[in-house]
Amino acid sequence: MRIVFLGPPGAGKGTQAQRLKDYLGIAHLSTGEMLRDAARAETKLGLEAARHMQAGELVPDEVVVGVVADRLADKDCARGCLFDGFPRTVPQAEALDRMLDRRDMPLDLVLALDVPVGRLVERLLDRGRMDDNRDTIEERFRQYERLTEPLLSYYGRRGILRKIDGEGTPDEVFDRVHQAIELAAS
Ligand code: AP5
């Protein structure tokens, strides 16, 4: 299966993708993690990405699409992939469609995690990652609303979008994710 996790910062994409990866035994592609790895390694791409991430901005589409294209060529992606934090713009979604079409691997499901913004800010401030300060969080939400939210209509029109209530414990949310997967597979 190929599954996209959509949702605002802190909605639980990474938490749920990790659980679903263990459950389905397929590859987990977190663009946030890949970009943070590149930043830690201080590669040219990583240093450019770090500037955008620290400001709460999205990393340019061509950079992120290049990173995903390289990762998709890895063997473990042939069995299936969970995309966590990608795509995040309509051009990225179009690029993903082209990459998957070329491999004859359709996207099966888009899971959109829904959590009220107030709860998300609390979660992120509690976590305290390098980009989890109030100013950066506000900018990340602005970018989400402007550039990522349009993907709800993009995938809604295709009939592969399922909204998941992201409130409750991680286990409760995973039960809902699990049900959506079972329904899609039946
Ligand atoms: P990324 O790492 O993807 O960050 P994000 O989307 O802002 O998401 P988060 O990791 O903050 O949250 P999440 O939804 O994964 O939630 P999590 O499970 O971690 O991206 C970082 C940056 O990289 C971006 O701002 C951008 O600059 C760049 N980037 C990445 N992808 C890009 C792309 N495609 N295009 C351009 N730029 C890109 O949970 C958050 C916290 O809440 C954790 O502490 C967790 O333990 C807790 N939590 C989770 N679930 C629950 C629950 N049910 N109850 C209570 N706490 C919970």
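Taken over segment 86-113, the residue count meeting the criterion of being within 15 Å of the ligand (Cβ to nearest atom), over 22 Å from Gln179 (Cα atoms) and aliphatic (A, V, I, L, M) is 5. Ser153 meets the conditions (1) among the small types (Gly, Ala, Ser); (2) farther than 19 Å from Met34 by Cβ; (3) surrounded by 17 or more Cβ atoms within 10 Å (Cβ to Cβ) in every case but one. The failed one is (3).
Among helices (runs of 4 or more DSSP H) entirely within segment 127-186, having at least 1 residues that are under 27 Å from Asp108 (Cα atoms), without any contact (Cβ under 8 Å) to a residue 12 or more places away in the chain and of a type in the set (S, T, N, Q) singles out 150-156, 170-185. Applying the criterion of being polar (S, T, N, Q) and either touching an Asp or Glu at 6+ places or on another chain (Cβ under 6 Å) or in a helix (DSSP H, G or I) (or both) to the residues of segment 17-49, the residue that is surrounded by the most Cβ atoms within 10 Å (Cβ to Cβ) is Thr31. If you filter segment 78-107 down to residues that are surrounded by fewer than 17 Cβ atoms within 10 Å (Cβ to Cβ) and in contact (Cβ under 8 Å) with a residue 40 or more places away in the chain, you find that the one that is farthest from Ala185 (Cα to Cα) is Val90.
Among residues of segment 5-16 being under 10 Å from the mean Cα position of the chain (by Cα) and in a helix (DSSP H, G or I), the one that is surrounded by the most Cβ atoms within 10 Å (Cβ to Cβ) is Lys13.
FYI, it's all coordinate maths here, none of it is from the lab. Values in this document were obtained by computation on a predicted structure and should not be read as measured data. Here the Cβ is made from the backbone with ideal geometry for all residues, glycine too, and neighbour counts use every protein chain on show.
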